[in-house]
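Just so it is clear, none of the values below were taken in a lab; they were calculated from the coordinates. Quick caveat: nothing in here was measured; it's all calculated off a predicted structure. Because the Cβ atoms are built from the backbone with ideal geometry, glycine has one as well, and the counts that use them run over all protein chains shown.
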Amino acid sequence: MKNRLKVLRAMHDLTQEHLANDLGVTRQTILAIEKGKYDPSLELAFRISRYFHTTIEETFIYEVPDEIPP
Amino acid sequence: MKKAVFYFLTFAIILLEFVLFGWAVRVRAPLLSVASLVLGIAVIYIARMYVDEVIEDERTQKIQERTAMTTLQVTWVALLVFSVWMIIEGAGIRAPPEIRRLGIFGFGLLLTDIAMVVVFVLLSFYYRKQYGE
């Protein structure tokens, strides 16, 4: 799953540390999400989207894997 | 409490536990070692509640879950292999007493392995109920 977290964070001029503190997660989690190494839970995804006043679809882009039919 | 202070405190407690363990062995006082272990764990647990920064979240929990599961699987297999090997070694009729004791120890290990499976199954039933089955 791709995401626009890094872009949104830059737009709001926030550091990873600041965003992590506001969301109640570790800085490493923000880093992992930005790198696409970790997909957040639905709850955290909602929290991130609401934090930036966007929708989940605007923040996270779900790509259907090749083996799963749409 | 800052995260770094907590980690330093944890490290200091672990170090102290090793020293106390060594001393307890020397003076043959198992109660001292056990009491210090329980106290040490309690202090770390309480100190963890006073950390201002986030040290655990859903990602770290997921990492811990996967690590725990893999550790459990590896331990199961390793215990099973060692216990079966020890039981067979110790079961020989002409085996010397030391080797026979190894067989008894193997049975102990096998029972521990079975106990782990039983606890795992019971807990999985509990969590299945909790997550809506």
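Please report the relative contact order for chain B, taking Cα pairs under 8 Å with a sequence separation of at least 6, and give it as a percent rounded to a whole number.
With pairs under 8 Å counted, the relative contact order is 19 percent.
Give me the inter-chain shielding for A:24-31: mean count of other chain Cβ atoms within 10 Å, whole number please.
4
Give the shape of the stretch B:55-133 as rounded, prolate or oblate, defined through the alpha-carbon gyration tensor: a ≥ b ≥ c are the square roots of its eigenvalues, a/c under 1.5 means rounded, and otherwise the shape is prolate if a/b is larger than b/c and oblate if not.
prolate
With N denoting the number of residues in chain B, provide Rg(C-alpha) divided by 2.2 N^0.38 Å, to two decimal places.
For chain B, the normalised Cα radius of gyration is 1.47.
Using Cα springs under 10 Å in a Gaussian network model of chain A, which residue among A:Leu42, A:Leu23, A:Leu31 shows the largest mean-square fluctuation?
Judging by the Gaussian network model, the answer is A:Leu42.
Gap in Å between the Cα centre of the stretch A:1-55 and the Cα centre of the stretch B:67-84?
37 Å
After finding the eigenvalues of the alpha carbon gyration tensor for the protein assembly as shown, what semi-axes result from the square roots of 5 times each, listed largest first in whole Å?
The equivalent ellipsoid of the protein assembly as shown has semi-axes of 46, 28, 14 Å.
Mean separation of Cα pairs under 8 Å and 6+ residues apart, divided by the residue count of chain A: what relative contact order is that in percent?
39 percent
Among the listed pairs B:Lys2/B:Lys129; A:Lys37/B:Lys3; A:Lys37/B:Lys129; B:Lys2/B:Lys62; A:Lys6/B:Lys62, which have their C-alpha atoms separated by more than 26 angstrom in this model?
Pairs exceeding 26 Å: B:Lys2/B:Lys129; A:Lys37/B:Lys129.
Taking the 0 to 90 degree range and rounding to the nearest ten, how far is the long axis of helix B:97-130 tilted relative to the main principal axis of chain B, both from C-alpha atoms?
50 degrees
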